[in-house]
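Notes to accompany the following structure.
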Amino acid sequence: MRQKRILTGDRTTGKLHLGHYVGSLQNRVRLQDKYETFILLADIQALTTHFKNPDLIKKSIYEVAIDNLSVGLDPNKITFVQQSRITSIAELTVFYSMFVTVNTLRHNPTTKTEAKHYGYDDLTYGFLGYPVSQAADITFCKADLVPVGEDQLPHMEQTRKIVRRFNELYGKGQEVLKEPDTLLSPTPRLVGLDGNSKMGKSLGNALYLSDTEREVVQKVQAAVTDPARIRVSDKGHPDICTVSQYHKALNNDEYEDICDRCKRANIGCVACKKRLAGCINTLLDPMREKRAYYENHLDEVKEFIINGSQKANRIGDATMDEVKAAMNIKL
Ligand code: TRP
Ligand code: SF4
């Protein structure tokens, strides 16, 4: 029996942060031993919002690949896939776009939230349709499982719907495309350092995996805490404090104790933050070492991406043969 295949990925719009690590990267590291793993560098999806900035996208392809490698994804186990190199993704996107209705796309909650951020008036055809392209990302290689965070659930439902519709339209009772299962991230998303619900680059509240020790210390020091706690002798409310949530996600062993001491005014915010910064730096240290290696060996990284994409294209081409045969457009 072949190993089940997973496909997941990131938009290449900038370096990855601790929120990515907690919400998905750490899980990927575990999954790579159990599944055949494809990591998509979603440069086309990045273009949907950054089409005026192709230079940034090229730089980010390397950054995102190195972020993934630095956390412990093993280039001998995983396959990197550069989205724009995969012809079957482009082809499937076009075929799916014939039967996906504009109305469904307009009502996708994740797209709607993102559109609010970028502005409704300038909504492009490509942006509105990116969930269709994401369905192509997942189906070109017939992925069995897709590990994602909660915000991606509408896209997964869309993908599953597309697969069912395709099979119904052209399958003649056969399952031409594989309906993927969703593997929801076991860890919730991390809040931003400013207490904002989401850590994000555009929000300026992120801790990057590539941050230096000093940057981590400085950013943690500036993080928002319980605003009612002014003096060390004030009792704190860890349930509303950003720093305590980071302890929970990254320093779970001490979490209960810290909350308890905070509530009794037995630990001050400065000390609490120092501890957190220490934990984060301990986590990032081995990653920094791997990162330094790959930053000095960009040719190797490029080769992983090109070889991986070639392998992906062979798989995608075979899928396209079956797809075109099912659609009866093969001469
Ligand atoms: N939309 C995903 C994100 O923003 C990235 C992505 C693109 C993706 N294609 C994918 C994730 C396919 C899983 C599977 O994080
Ligand atoms: Fe937050 Fe820690 Fe200060 Fe309590 S002691 S308010 S958990 S930073």
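Could you check which residue among Ala42, Ala228, Ala135 shows the biggest mean-square fluctuation in a GNM of the chain with a 10 Å Cα cutoff?
Ranking Ala42, Ala228, Ala135 by mean-square fluctuation puts Ala228 first.
Roll a 1.4 angstrom probe over the protein heavy atoms and tell me the percent of accessible area of the stretch 213-291 that is carbon or sulfur.
The C+S portion of the solvent-accessible surface of the stretch 213-291 is 51 percent.
If Lys and Arg each add +1 and Asp and Glu each add -1, what is the summed charge of the other residues whose beta carbon sits under 12 Å from the beta carbon of Leu16?
It works out to a net charge of +1.
For a bin width of 5 Å, list the pair-distance distribution of the stretch 1-118 built from all Cα-Cα distances, rounded to whole %.
Final binned percentages: 2, 10, 17, 20, 20, 17, 11, 4, 1, 0.
With springs connecting C-alpha atoms under 10 Å apart, model the chain as a Gaussian network and identify which of Thr111, Thr124, Thr182 has the largest mean-square fluctuation.
Thr124
Mean shadow of the stretch 74-156, computed from the convex hull of its alpha carbons, in nm²?
Mean orientational projected area (the stretch 74-156, Cα hull): 6.6 nm².
Would you look at the GNM of the chain, springs on alpha carbons closer than 10 Å, and say which of Tyr120, Tyr62, Tyr246 moves the most?
Among Tyr120, Tyr62, Tyr246, the largest GNM mean-square fluctuation belongs to Tyr120.
State the Cα centre-to-centre distance between the stretch 217-290 and the stretch 2-22 in whole Å.
That distance is 27 Å.
Looking at the stretch 23-69, which trypsin sites (Lys or Arg not before Pro) are DSSP coil and have at most 16 other C-beta atoms within 10 Å of their C-beta?
Lys34, Lys52
I'd like the FRET efficiency for Thr187 and Met98, computed as 1/(1 + (r/R0)^6) with the beta carbon distance as r and R0 of 35 Å, rounded to 0.05.
0.40
Would you give the gap between the C-alpha center of the stretch 61-92 and the C-alpha center of the stretch 159-194, rounded to a whole Å?
Going from one Cα centre to the other spans 19 Å.
Sort Met156, Met327, Met98 from largest to smallest accessible area, using a 1.4 Å probe on the heavy atoms of the protein chains.
Met98, Met327, Met156
For a quick check of understanding: with a 1.4 angstrom probe and all protein chains in place, what accessible area in square angstrom does Thr110 have, to the nearest ten?
20
Where the only charges are on Cβ atoms (+1 Lys, Arg; -1 Asp, Glu), what is the dipole of the chain about its Cα centre, to the nearest 20 debye?
In total the dipole reaches around 320 debye.
Accessible area, 1.4 Å probe, largest first: how do Asp10, Asp299, Asp257 sort?
Per-residue accessible area, sorted high to low, gives Asp299, Asp257, Asp10.
Any idea of Val94's accessible area? Nearest 10 Å², probe 1.4 Å.
Answer for Val94: close to 70 Å² accessible.
What are the equivalent ellipsoid semi-axes of the stretch 213-291, built from the alpha-carbon gyration tensor (square roots of five times its eigenvalues), in whole angstrom, biggest first?
Sorted largest first and rounded, they come to 24, 13, 9 Å.
Run the quick spin-label model on Tyr118 and Lys59: label points 7 Å from Cα toward the beta carbon, then report their separation in nm to one decimal.
It is 2.0 nm.
Express the Stokes-Einstein translational diffusion coefficient of the chain in µm² s⁻¹, to the nearest whole number, given a Kirkwood radius over alpha-carbon pairs, 37 °C and a viscosity of 0.692 mPa s.
It diffuses with D of about 154 µm²/s by this estimate.
In square angstrom, rounded to the nearest 10, how much accessible surface does Ser210 have for a 1.4 Å probe?
Per-residue accessible area (Ser210): approximately 40 Å².
The values are calculated or read from the model by the stated rules, or taken from the named source; none is laboratory data. These numbers were taken from a predicted model, which means no experiment stands behind them. Every residue, glycine as well, gets a Cβ built from its backbone with ideal geometry; the counts of neighbours run over all protein chains shown. These accessible areas exclude ligands, DNA and RNA; they are computed on the full protein's heavy atoms, side chains included. Shrake-Rupley method; radii C 1.70, N 1.55, O 1.52, S 1.80 Å.
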